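A short worksheet on the structure shown next.
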Amino acid sequence: MTLIPETADILARLVAFPTLSRHSNIALLEYIESLLRPAGVRLERFASDDGTRANLWASLGPEGDGGVVLSGHCDVVPVTGQSWTRDPFELHHAEGNFYGRGTADMKGFLAVAIRAMLIAAARPLRLPLHLAISYDEEIGCMGVRGMLDTLATRPHRPALCLIGEPTGMNIATGHKGKRALRACCHGQEGHSALAPDALNALHLGAAFISRLQTRQDLLRVSGARDTAYDIPYSTLHVGVMQGGTALNIVPNLCELEFEIRNVAADDPDAIIADIIEDAEAIATPHRNRFPEARIEIEEISGYPGLDTPAGTPAVELLHSLLGHDAAMIKVAFGTEGGLFQHSLGIPTLVCGPGHMAQGHKPDEFVSQAQLSECEGLMAALTDALEDGEAQALAGRSGPDRL
């Protein structure tokens, strides 16, 4: 029998691949496949358009409805400009923690899940176990969509999707949706000595930001609320503003990038419609003098929120598998969970080792204790798939399964 590597050994190999978003992850996938294929795991890739990146779908057990999909992304954020005290792409173990880029977000979970697949491969599973590994999650959950589009056309569905983002091994039932947008403000250039005879696009941008602040106040006061979040209402945020080339030129273009993070009860399309109305109200008064005056809004990216009812059998099952009184939370950060829930129509939860407070920072780490707790969850889950007795994992056959 092939020796199954320890979680730490797998994590060390995963961290060594600098799988920054938009960079190739093929070498990392080849390593994972070299572990899973000899164990008899069924493997399928879903490549990006240019072939430099891919999702991986790995399966064990019978083909059919039910079972679980373990889901994680393999891309990581950059280390440029961060003050690391150790090589970010070499795993370091010290004082009970594993340090390296992606250890918390979220190669620690992937290492545990890969080892769980290897262990499960030797077990007579009565229900399926899947592992989904995606790319380009950190730039708006972009990579997983092609895989989900294909999976949505297939006849079988898992009964549960478990997203292994870091939650401290607590159970997250939801996160806000996100829309990222760009506003292009068009004015008319001119010499700064004659500035009133031109239309300053930066001024249009400033007026647009002011309207966004007013919309934010309305959402805070009268919008939907979900007290499970640290910020219990939908938010608007401007992150980038660019315009102008020289101080003595009135700029004719200003671009802003902004985002909406909405609670489930707020409709992001309705919020966007209100913002477009505000943009038109800003530009219209200038058009008699400046016909080119306008503010164009375009969507850059987005993903749906996740909102799994706390009383569902999937939540109760995960509580029982964890074996301790895990907290029920909703997380501030986004995940691919909303896409799995909306595309495949299956209950989706977020639960994984580590804490996002350690992610995206220099000297990122995950504790050995958290990895061990996640290993315990995977062992209990494998037992449940072998027993095949958990109704929440059995799935339903027929066209009404969703």
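Let's see how each residue does on (1) touching a residue at least 40 places away in the same chain (Cβ under 8 Å); (2) of a type in the set (Gly, Ala, Ser); (3) touching a Pro at 6+ places or on another chain (Cβ under 7 Å):
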site	(1), (2), (3)
Ile10	yes, no, no
Leu14	yes, no, no
Leu20	yes, no, yes
Ala27	no, yes, no
Leu35	yes, no, no
Phe46	yes, no, no
Asp50	no, no, no
Asp65	yes, no, no
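Taking first residues from segment 358-385 that are farther than 13 Å from Lys107 by Cα and partners that are of a type in the set (Val, Ile, Thr) and open to solvent by 60 Å² or more (accessible area, probe 1.4 Å), the Cβ contacts under 9 Å between residues at least 6 apart in sequence or on separate chains come to Pro362/Thr85; Asp363/Thr85; Met378/Ile119; Ala379/Ile119; Thr382/Ile119. The residue of segment 143-167 that is nearest to Asn262 (Cα to Cα), among those that are small (Gly, Ala, Ser) and in contact with a Pro (Cβ under 8 Å, 6 or more places away or on another chain), is Gly164.
Residue-wise test of (1) at pLDDT 95 or above; (2) under 15 Å from Glu165 (Cβ atoms); (3) in contact with a strand residue (DSSP E or B) (Cβ under 9 Å, 6 or more places away or on another chain); (4) surrounded by 20 or more Cβ atoms within 10 Å (Cβ to Cβ).
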| site | (1), (2), (3), (4) |
| --- | --- |
| Ala293 | yes, no, yes, yes |
| Ile297 | yes, no, yes, no |
| Tyr303 | yes, yes, yes, yes |
| Pro309 | no, no, yes, no |
| Thr312 | no, no, yes, no |
| Leu317 | no, no, yes, yes |
| His324 | no, no, no, no |
| Val331 | yes, yes, yes, yes |
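The set of residues from segment 275-290 being surrounded by 12 or more Cβ atoms within 10 Å (Cβ to Cβ), farther than 12 Å from Phe208 by Cα and in contact with a Leu (Cβ under 9 Å, 6 or more places away or on another chain) comprises His286, Phe290. For beta carbons closer than 7 Å, sequence separation of 6+ or different chains, a first residue in segment 140-152 that is closer than 10 Å to Phe340 by Cα and a second that is open to solvent by 10 Å² or more (accessible area, probe 1.4 Å) and assigned to a helix (DSSP H, G or I), the qualifying pairs are Val144/Leu339; Arg145/Leu339; Leu148/Leu339; Leu148/Ser343; Ala152/Ser343.
The conditions of being surrounded by fewer than 19 Cβ atoms within 10 Å (Cβ to Cβ), among the small types (Gly, Ala, Ser) and assigned to a loop (DSSP other than H, G, I, E, B) are not met by Gly146.
Are there any strands (runs of 3 or more DSSP E) wholly within segment 150-216 with 1 or more residues that are surrounded by fewer than 24 Cβ atoms within 10 Å (Cβ to Cβ), and if so which?
Numbers: elements: 160-163, 171-175, 177-186.
It comes to 171-175, 177-186.
So, in segment 229-261, how many residues would count as being open to solvent by less than 60 Å² (accessible area, probe 1.4 Å) and part of a loop (DSSP other than H, G, I, E, B)? Total meeting the criteria: 7. The set of residues from segment 192-229 being among the charged types (D, E, K, R), more than 20 Å from Pro285 (Cβ to Cβ) and touching a strand residue (DSSP E or B) at 6+ places or on another chain (Cβ under 9 Å) comprises Arg220, Asp226.
Can you find, within segment 375-402, the residue that is most open to solvent (accessible area, probe 1.4 Å) among those that are farther than 14 Å from Val68 by Cβ and modelled with pLDDT of 95 or more? Selected residue: Glu375.
The values are calculated or read from the model by the stated rules, or taken from the named source; none is laboratory data. This is a predicted model, so every value here is computed, not measured. Neighbour counts are summed over all protein chains in view; Cβ atoms, including those assigned to glycine, are modelled from backbone coordinates with ideal geometry. Side chains are part of the model used for accessible areas, which takes the heavy atoms of the whole protein and leaves out ligands, DNA and RNA. Shrake-Rupley method; radii C 1.70, N 1.55, O 1.52, S 1.80 Å.
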